């Protein structure tokens, strides 16, 4: 299955139905007009070099059309993170993948105050060159029967690369993940089976498409089924998104915990009454968020688990099978194995170990990085770098990144577990993150980073009642806010660097 060929089938079947309602530009496109516009753009894209083509656009009709056009023209879209350090990310992508052309928009560069990078091509300039003849030609091609149209546009094989996405870079430099048509298609079909998606669904699409969660769930799933996409470019405009969901009766909304906290605070009772699925992922969902959302909206938050390398969904809770606190059961076609992190032997029920994944959703590999690919994929199993366990009923429990465990006094301590306890005792409007920095005596020191001043003695007393002494933070560090990635995930690397600098400055002062 080729993703762009599947889109052609969908567009032919649901021609006049509304496909995209872009609330940033107030633009509406039917499936037929989406097909014409994508073919029109593809004609321009064919003038650029073959191979990779960068896409640096916000969540919008423009980004959807550019992604489709890239595939229809035989190019492979490389999705570029514009949320922080856009110019550096653009140059990094160009260098890593060896391409020049980046499709972007002047309006975006102005909004994010990004300098122009060599190789950037602006959608505004492309659209200014659209002639009546070009529109007519695209419309005539779009009118061809699906079987003939697929012969006119780019073909290929299911195992061809469909997109390059970059890992978050929250712990180290981003890696370029190659996802094939088969990887994404398999994930779409498995998720759709779990949630019974159909053409009747309406997807609130606010997550950026450079994040795999947004790309698969908010772009490819609705385009597979002929569903409607309600797009909005800024996921941080919480009240606006709540209004769109309410006024346009969205049935699905996905996001990270930090985004859902924002939606919770800015929403009014009844805003989410149309949702049949509210799905949270990318970071651990705090119990407090899940409970508050249920109390205010009588709407459960279903937690899922995934990875960019797995296209992304590995497991998820559903209305039929929901165990709060877990990340649900593995989706159809995906196998999960829990291995002892030292011996490699399979762990028993309820025993924590490394989470390994096998299935058609697992990536082809990291582009131009055989070493990292071979380290992460062994005998067909992808090593997620996460720790967790499977319970007696097959629910997966995620307990944190392997790198978010520290060895202190010979014992493994989970920073995620400390965060979960801290979350429960912090004031509702406070955020926290626990990091580890070097310590000259014990090797590692645990620091709790919080976003408001606290009574540290009282807080330590509450933590001591629930955590072993070895896992207690050695100090609290207050930051105005926690640095986050564009996807809403906490940027652990940035926070750790800030804490290390503050700690070093304090030591020099003393």
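Worth a mention:
- Qualifying residue in the range 150-172 (condition: in contact with a helix residue (DSSP H, G or I) (Cβ under 9 Å, 6 or more places away or on another chain), assigned to a helix (DSSP H, G or I), surrounded by fewer than 15 Cβ atoms within 10 Å (Cβ to Cβ) and in contact (Cβ under 8 Å) with a residue 12 or more places away in the chain): no
- Top-ranked residue in the range 106-144 [being touching a helix residue (DSSP H, G or I) at 6+ places or on another chain (Cβ under 6 Å) and not in a helix (DSSP H, G or I); ranked as nearest to residue 369 (Cα to Cα)]: 117
- Of the residues 259, 293, the single one that is under 26 Å from residue 481 (Cα atoms) and touching a residue at least 40 places away in the same chain (Cβ under 8 Å) is 259.
- Strands (runs of 3 or more DSSP E) fully within the range 192-269 counting 3 or more residues that are within 30 Å of residue 432 (Cα to Cα): 252-255
- Within the range 230-249, the set of residues being buried (at least 24 other Cβ atoms within 10 Å of the Cβ) and over 15 Å from the mean Cα position of the chain (by Cα) comprises 230, 231, 241, 245.
- As a summary of the residue check, residue 466 satisfies the conditions (1) without any contact (Cβ under 8 Å) to a residue 24 or more places away in the chain; (2) more than 25 Å from the chain's Cα centre (by Cα); (3) in a loop (DSSP other than H, G, I, E, B) except for the one numbered (1).
- A count restricted to the range 377-390 and to residues that are touching a helix residue (DSSP H, G or I) at 6+ places or on another chain (Cβ under 7 Å), surrounded by fewer than 20 Cβ atoms within 10 Å (Cβ to Cβ) and at negative phi stands at 1.
- Of the criteria (1) under 28 Å from residue 485 (Cβ atoms); (2) touching a residue at least 24 places away in the same chain (Cβ under 8 Å); (3) surrounded by fewer than 24 Cβ atoms within 10 Å (Cβ to Cβ); (4) in contact with a helix residue (DSSP H, G or I) (Cβ under 8 Å, 6 or more places away or on another chain), which one residue 6 fails: (1)
- Subset tally (residues that are closer than 17 Å to residue 173 by Cβ and more than 19 Å from the chain's Cα centre (by Cα)) for the range 68-97: 8
- Residue in the range 269-287 that is in contact with a strand residue (DSSP E or B) (Cβ under 6 Å, 6 or more places away or on another chain), modelled with pLDDT under 95 and over 28 Å from residue 162 (Cα atoms) present: yes
- Checked against (1) assigned to a strand (DSSP E or B); (2) at pLDDT 90 or above; (3) surrounded by fewer than 19 Cβ atoms within 10 Å (Cβ to Cβ), residue 338 passes all but condition (3).
- Screening residue 444 against (1) over 26 Å from residue 314 (Cβ atoms); (2) modelled with pLDDT of 80 or more; (3) not in a helix (DSSP H, G or I) leaves a single unmet condition, (2).
- Out of 320, 303, sole residue that is part of a loop (DSSP other than H, G, I, E, B) and closer than 21 Å to residue 203 by Cα: 320
- Residue identified as modelled with pLDDT of 95 or more and outside any strand (DSSP E or B) among 36, 103, 53: 36
- Subset of the range 351-375 [more than 18 Å from residue 159 (Cβ to Cβ) and surrounded by fewer than 21 Cβ atoms within 10 Å (Cβ to Cβ)]: 351, 352, 354, 369, 371, 372, 374, 375
Let's see how each residue does on (1) under 26 Å from the mean Cα position of the chain (by Cα); (2) over 22 Å from residue 11 (Cα atoms); (3) without any contact (Cβ under 8 Å) to a residue 60 or more places away in the chain:
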| position | (1), (2), (3) |
| --- | --- |
| 52 | yes, yes, no |
| 60 | yes, no, no |
| 66 | yes, no, yes |
| 134 | no, no, no |
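- With respect to the stated conditions, residue 344 is out of contact with any strand residue (DSSP E or B) (no Cβ under 8 Å at 6 or more places or on another chain), at positive phi and in a loop (DSSP other than H, G, I, E, B).
- Residue 218 vs. criteria farther than 20 Å from residue 32 by Cα, surrounded by 24 or more Cβ atoms within 10 Å (Cβ to Cβ) and touching a residue at least 24 places away in the same chain (Cβ under 8 Å): no
- Answer from 411, 456 - the residue that is at pLDDT below 80 and in contact with a strand residue (DSSP E or B) (Cβ under 6 Å, 6 or more places away or on another chain): 456
The values are calculated or read from the model by the stated rules, or taken from the named source; none is laboratory data. All figures in this text were calculated on a predicted structure; none of them were measured in a lab. Cβ coordinates were reconstructed from backbone atoms using ideal geometry, including for glycine residues, and neighbour counts include every protein chain displayed.
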